[in-house]
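Novice: Starting off with a structure, shown below.
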Amino acid sequence: MFLAAEQGLFKVLPSYKVVKLLDGTFTSLTLDRLKRLWMVSPNKPFRVLDIQNNHELRPWQNLPYTSFFEENLFKKVYYYQNKIWIAGWIPKGFGMAVYDLKTNTFVELSNTNKHSEFVSDYYLNVGLSKTGNLLFSAYGAFNEVNISGKIIGKFGSEEFQKSVADYQYFNIGGGKGGDYWIGTKEGLARMDAKTKVTRYTRFDGLVSNDVSNGFF
């Protein structure tokens, strides 16, 4: 097990001993099929660690533009279908990008989608739908994206603000019934196929309304 923390990157051994691997602050991790750990640090370029050799790598050959790491703030990385899916504040890419392990290149999703299809230019998290598409959550809304990087769904607007309460969709995941689950600081929301929203709070048994740190 690998842990992203404010005090560094840690590894938990089978003996449950905790070993520190790197200094720094890490906010998101994902492991690709080549046993490389992709790490997000605030306001910094991605760091990639070969966990077998404990050696840092830089697998990309070129960037979409020279200031790619300076102009963007990355929030989440998610490995799926041989790609690293990236959510964050990415103005030119409208908040979503992908790194293709086959070509070793970054691609901003604004290159292949109409700007009107994006719900934001600042996305907070990435989840997976029942049908195997990517879910990118943002402020008050989310997009569904297929594995080719094409936006196929746009959900959420001010009409859901009363139901969801908190306008920040910190976490998102797809349910077995084709529904969507959204984690906020004001409870857990479930949106069914008809976009009906049910909200769960401490009154329903949650120990806290803050569901911003994640769920599965």
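Novice: Tally the residues that are modelled with pLDDT of 90 or more and open to solvent by less than 30 Å² (accessible area, probe 1.4 Å), restricting the search to the range 190-207.
Specialist: So the count comes out to 1.
Novice: Quick check on the range 1-23: of everything there that is open to solvent by less than 40 Å² (accessible area, probe 1.4 Å) and out of contact with any Lys or Arg (no Cβ under 8 Å at 6 or more places or on another chain), which residue is nearest to N213 (Cα to Cα)?
Specialist: A5
Novice: Restricting attention to the range 165-177, and to residues there that are open to solvent by less than 30 Å² (accessible area, probe 1.4 Å) and farther than 16 Å from N143 by Cβ, which single residue is modelled with the lowest pLDDT?
Specialist: D166
Novice: To continue, here is another question. Looking only at strands (runs of 3 or more DSSP E) that lie completely in the range 41-128, which have at least 3 residues being surrounded by 16 or more Cβ atoms within 10 Å (Cβ to Cβ)?
Specialist: Ranges flagged: 47-50, 73-80, 83-89, 96-100, 105-108, 123-128.
Novice: Starting from the range 61-88, keep only residues that are within 25 Å of Q168 (Cβ to Cβ), then list their pairs with residues that are open to solvent by 40 Å² or more (accessible area, probe 1.4 Å) and in a strand (DSSP E or B) whose Cβ atoms are within a distance under 6 Å, requiring at least 6 positions of separation or different chains.
Specialist: L73/W89; W85/Y78; A87/K75; A87/K76; G88/L73; G88/K75
Novice: Specify which of the listed residues (G95, G149, G88, G127) is more than 25 Å from N62 (Cα to Cα) and not hydroxyl-bearing (S, T, Y). Explain how you work it out, then say what you get.
Specialist: Details: G95 fails: more than 25 Å from N62 (Cα to Cα); G149 fails: more than 25 Å from N62 (Cα to Cα); G88 fails: more than 25 Å from N62 (Cα to Cα).
Among G95, G149, G88, G127, only G127 is more than 25 Å from N62 (Cα to Cα) and not hydroxyl-bearing (S, T, Y).
Novice: Got a sec? Which of G140, G149 is in contact (Cβ under 8 Å) with a residue 24 or more places away in the chain, farther than 21 Å from W38 by Cα and open to solvent by less than 10 Å² (accessible area, probe 1.4 Å)?
Specialist: Details: G149 fails: farther than 21 Å from W38 by Cα.
Going through G140, G149 in turn, the sole match is G140.
The values are calculated or read from the model by the stated rules, or taken from the named source; none is laboratory data. Here the structure is a predicted model, which is why all the values come from computation and not from measurement. In this analysis, Cβ positions are derived from the backbone assuming ideal geometry, glycine residues included, and neighbour counts consider all displayed protein chains. Heads up: the accessible areas ignore ligands, DNA and RNA and are worked out on the full protein's heavy atoms, side chains in. Shrake-Rupley method; radii C 1.70, N 1.55, O 1.52, S 1.80 Å.
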